[in-house]
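Structure, as structure tokens:
The values are calculated or read from the model by the stated rules, or taken from the named source; none is laboratory data. All of these numbers come straight from a predicted model, not from anything done at the bench. With ligands, DNA and RNA removed, areas are computed over all heavy atoms of the protein, side chains included. Shrake-Rupley method; radii C 1.70, N 1.55, O 1.52, S 1.80 Å.
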Amino acid sequence: PRALFSDTEEGTWYHCEMTYEGHMGGALTLTASAQLCRHIAANVLGEDESNVPQSMASDALGELLNLLCGRFTYAVYGSEKSFALAAPAIYRIGREKWFEFFAQPDTIRLSVEGEPLLLTLRYASAV
């Protein structure tokens, strides 16, 4: 994973967490570079990436996670079960924290437009 960074690049990363409760509980997380967040926001807004402020870029990661969490609970548990979805919490993280998330055994490592995207899913016991 260290090959994803040059020797001088510190990188700006965002980690977004979202929990759900209901029939079962759990959490989903996404971790992405600021560049990927900006790319997502630009596509959603139909704007050039250079016109997207960083605050909107990180919010786009939260919106993406909100969509994924809602779709996940529906796909796995069906429409008969209801869930309360917490608002996504977004944190700015540094390079070392990103490597910690990357190294976790339950992390799914994806590539989107050449940028890494980390996804985790954790189940909790019945609520």
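Express in Å², to the nearest 10, the accessible area of Met24 obtained by rolling a 1.4 Å probe over the protein heavy atoms while all chains stay in place.
Counting only protein heavy atoms, the figure is 50 Å².
I need the per residue convex hull volume for the chain, using only the alpha carbons, in cubic angstrom as a whole number.
112
Per residue of segment 64-72, in order, report the coupling 6.51 cos²θ - 1.76 cosθ + 1.60 (Karplus, θ = phi - 60°) as ³J(HN,Hα) in whole Hz, putting x for Gly and Pro.
4, 5, 4, 5, 4, 5, x, 5, 4
Given a cut-off of under 8 Å on Cα pairs at least six residues apart, what relative contact order in percent is computed for segment 18-94?
Here the relative contact order equals 43 percent.
List the residues whose amide H sits under 5 Å from the amide H of Met24, counting only those 5 or more places along or on another chain, with H placed 1.01 Å from N in the peptide plane.
Val127
Using the Karplus curve 6.51 cos²θ - 1.76 cosθ + 1.60 with θ = phi - 60°, work out ³J(HN,Hα) for each residue of segment 94-109 in order, rounded to whole Hz, and write x for Gly and Pro.
Rounded to whole hertz, the list is x, 4, 5, 5, 4, 5, 4, 5, 4, 7, 5, x, 8, 7, 9, 9.
Counting only protein heavy atoms and a 1.4 Å probe, tell me what percentage of the chain's accessible area is made up of carbon and sulfur.
Carbon with sulfur: 53 percent of the solvent-accessible area.
Once the mean 1/r over all distinct Cα pairs of segment 70-112 is inverted, what Kirkwood radius in angstroms do you read off?
13.4
Per residue, how large is the accessible surface of the chain? Use a 1.4 angstrom probe and give square angstrom.
57
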